1. Could you tell me whether region 100-116 includes any residue that is assigned to a helix (DSSP H, G or I), surrounded by fewer than 20 Cβ atoms within 10 Å (Cβ to Cβ) and touching a residue at least 60 places away in the same chain (Cβ under 8 Å)?
2. State the number of residues belonging to region 1-21 that are at pLDDT below 85 and either under 23 Å from the mean Cα position of the chain (by Cα) or surrounded by 10 or more Cβ atoms within 10 Å (Cβ to Cβ) (or both).
3. THR125 - would you say it is among the polar types (S, T, N, Q) and at pLDDT 85 or above?
4. Across region 83-112, which residue is farthest from PHE158 (Cα to Cα) among those that are in contact with a helix residue (DSSP H, G or I) (Cβ under 8 Å, 6 or more places away or on another chain) and of a type in the set (S, T, N, Q)?
5. Give me the residue from region 232-247 that is among the hydrophobic types (A, V, I, L, M, F, W, C), modelled with pLDDT under 80 and over 19 Å from GLY350 (Cα atoms) and, out of that set, surrounded by the most Cβ atoms within 10 Å (Cβ to Cβ).
6. Within region 352-372, work out how many residues are under 14 Å from ILE113 (Cβ atoms), touching a residue at least 40 places away in the same chain (Cβ under 8 Å) and not polar (S, T, N, Q).
7. Which of (1) at pLDDT below 65; (2) over 29 Å from LEU342 (Cβ atoms) is the odd one out, the single condition MET211 does not satisfy?
Amino acid sequence: MKIHDAPLLITALIAVLAPLICEIPVPLRMPMIVLEIAFGILVGPHLLKLAQPDGMLAVLSYIGLIFLFFLAGMEIDLRRIQGRPLSLAVKGWFFSLVVAFLISWGLYKAGFILTPHLVAVALTTTALSVLFPMLRDSGELETRFGKYVTAAGAVGEFGPIVAISLLFTREDHQIVQIALLVLFIVVAVVAAYLTLLPTPPRMVAFFTRTMETASQLPVRFAILLLAILIVLAERFGLGMVLGAFSAAMVIGLGTNSEKGYVLRHKLDAIGFGFLIPMFFVTSGMRFGLNALLSGPQTYMRVPVFLVLFLVVRGLPTLLYRRHLPSQQLAPLALYSATELPLIVAITELGVRSGRMQPDNAAALVGAGMLSVLLFPLAASVLRRRAQAPVQALSTSIAEVNVDGS
């Protein structure tokens, strides 16, 4: 085996080990994304020096980044959260954005960060892709509280993705840039409209048949649309992020049915089964461990950012006081402040473009890893404590009814 084959083999091995470790029946399970990044740090150039994030790994990592934004966009189902959960989530996210900009501007003036806008957007994210399986496994997903958490998480992904795509546009003349943005939106809307048109029965039968053949034609069409919108977005100076997210919204509209479930499942398999783990493991290899451990002023940024996550995403829960019981506000704040996947993506883009210092990027990712470890656990504990008296009361009433009968 050639030496340059080893990094790919090691990365593929980590991608298998991480979910296997997550399946170990222990009281406190490590989230898979945290394991992938941690293993990447371990085998990367700063510790064991077994793999470098370059060559083929760099290419796969970039495609994985595209799929991360693409599948994040496809996860957002507005019909599940429409109404009050969605309206409060939108108001809450803009509240978070204002708070984040005020804090980031203060940190910028103090010389703490390089680019306040990028850090502000990073502080407003929510890891819906991490929370979704947790909520589903705990039975919270279909509850009223679960819908509010899902809405907050959906907007916590949608808002930052749109904001980051606008931040990474090329700095052309403002009028030209606005015109290009409008043109791209028109192209995306037309594509979405064409997707929603009734599909001829023969075409449906054709796509259904080819879905189970070697051609996998619907998957290829989805990848083609993703490539087209990314290329258009890049040509218009709007960046890869907006192209990937627009493709996700278009394909999501066209596959939001039982017939589209198979295509969604296959795209998930490509992304979560192959490309996205490559991105997270490679991000661990790129993790600025030396920069983070260079001194107390650097690694003390991790708890600072962790607190800021809770402040920026937790304060908007004040808007929910009239709509949720008081004991549900703290768990909602903790779930909303759980951040990692988009933090990794945003810091990766920031370091590549020179808009973010490596030490701040490492501190943000470190804080994101801690938020995934601590915040959902604390939220679930608070939820169990709040539900215990209700369950005890229900049990007592049931016993009384049995005795009375």
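The values are calculated or read from the model by the stated rules, or taken from the named source; none is laboratory data. Remember, predicted model here, so these are calculated numbers, not experimental data. In this analysis, Cβ positions are derived from the backbone assuming ideal geometry, glycine residues included, and neighbour counts consider all displayed protein chains.
1. Yes - at least one qualifying residue is present in region 100-116.
2. So in region 1-21, the residues at pLDDT below 85 come out as 1-6.
Now drop any that are not either under 23 Å from the mean Cα position of the chain (by Cα) or surrounded by 10 or more Cβ atoms within 10 Å (Cβ to Cβ) (or both), which leaves 4-6.
Final tally of qualifying residues: 3.
3. Values: among the polar types (S, T, N, Q): yes; at pLDDT 85 or above: yes.
Yes.
4. The extreme case among them is SER104.
5. Of all residues in region 232-247, those among the hydrophobic types (A, V, I, L, M, F, W, C) come to 232-233, 236, 238, 240-242, 244-245, 247.
From what's left, modelled with pLDDT under 80: 232-233, 236, 238, 240-242, 245.
Then drop every residue that is not over 19 Å from GLY350 (Cα atoms), which leaves 232, 236.
Values: LEU232: 20, PHE236: 22.
Looking at residues that are among the hydrophobic types (A, V, I, L, M, F, W, C), modelled with pLDDT under 80 and over 19 Å from GLY350 (Cα atoms), I get PHE236.
6. Quick first cut of region 352-372, residues under 14 Å from ILE113 (Cβ atoms) only: 354-364, 367.
Pick out the ones that are also touching a residue at least 40 places away in the same chain (Cβ under 8 Å) and you get 355-364, 367.
Filter again for not polar (S, T, N, Q), leaving 355-356, 358-359, 361-364, 367.
The qualifying residues number 9.
7. If we test MET211 against (1) at pLDDT below 65; (2) over 29 Å from LEU342 (Cβ atoms), just (1) comes out false.
To keep it simple, each residue is scored yes or no on (1) at pLDDT 90 or above; (2) part of a helix (DSSP H, G or I); (3) not aliphatic (A, V, I, L, M).
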{"residue": "PRO218", "(1), (2), (3)": "no, yes, yes"}
{"residue": "ILE230", "(1), (2), (3)": "no, yes, no"}
{"residue": "ILE251", "(1), (2), (3)": "no, yes, no"}
{"residue": "LEU263", "(1), (2), (3)": "no, yes, no"}
{"residue": "PHE274", "(1), (2), (3)": "yes, yes, yes"}
